[in-house]
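No value in this document is a laboratory result; all are computed from the given coordinates. The structure displayed is predicted, hence computed values, not measured ones. Heads up, the Cβs are rebuilt from the backbone with ideal geometry, glycines too, and the neighbour counts pull from every protein chain shown.
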């Protein structure tokens, strides 16, 4: 019986504004424990874990008394670092994917793990906030994720 390699990683990021712990298991089951303090952001991160079928744990102590910006951006950076670390040499990774419409939305997201970060973000939002999550921070999250 062959043993499946577990691609796991974790990271800690501390700045003047945030303390973040992130762990991921690429060969997970979609389980997550997300605690950023920003409800809708937690929900979206849980959806990433669920639909990517990865295990994802994120714990954040951020300066939410100021705003959500540092928390959202720094989670993106740390999650990007952890995913890259977990994928290791990227052996067996397919370079192509797909996209799916959900409810009233569709998004095209292309990820290339070639080592050069770039973000081309063209989303437009009809609302400034979803719950307490400022939609303008969506781009900051993905920019952080790409640069991580």
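Data for the structure
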{"read-out": "Calculated log₁₀ intensity ratio I(q)/I(0) where the Debye formula runs over C-alpha points of segment 66-148, q = 0.20, 0.27 Å⁻¹", "value": "-1.07, -1.37"}
{"read-out": "Projected-area mean, the chain, by convex hull of Cα positions, square nanometres", "value": "9.7"}
{"read-out": "Highest-MSF residue in the chain out of 62, 92, 131 [GNM, Cα springs under 10 Å]", "value": "92"}
{"read-out": "Potential extension, residue 14-residue 47 segment - 0.36 nm per residue separation minus Cα distance", "value": "9.4 nm"}
{"read-out": "Ascending count of other beta-carbon atoms within 10 Å, so fewest first, for 55, 89, 67", "value": "89, 67, 55"}
{"read-out": "Selected from 112, 103, 42 as most flexible by GNM, with the chain as the system and alpha-carbon contacts under 10 Å", "value": "103"}
{"read-out": "Acute angle (nearest 10 degrees) that the helix 69-87 long axis makes with the longest principal axis of the chain, alpha-carbon atoms", "value": "0"}
{"read-out": "Cα-Cα P(r), segment 8-94, percent of pairs per 10 Å interval", "value": "19, 51, 25, 5, 0"}
{"read-out": "Degrees between helix 39-52 axis and first principal axis of the chain (Cα, 0 to 90, nearest 10)", "value": "20"}
{"read-out": "Selected from 125, 133, 40 as most flexible by GNM, with the chain as the system and alpha-carbon contacts under 10 Å", "value": "125"}
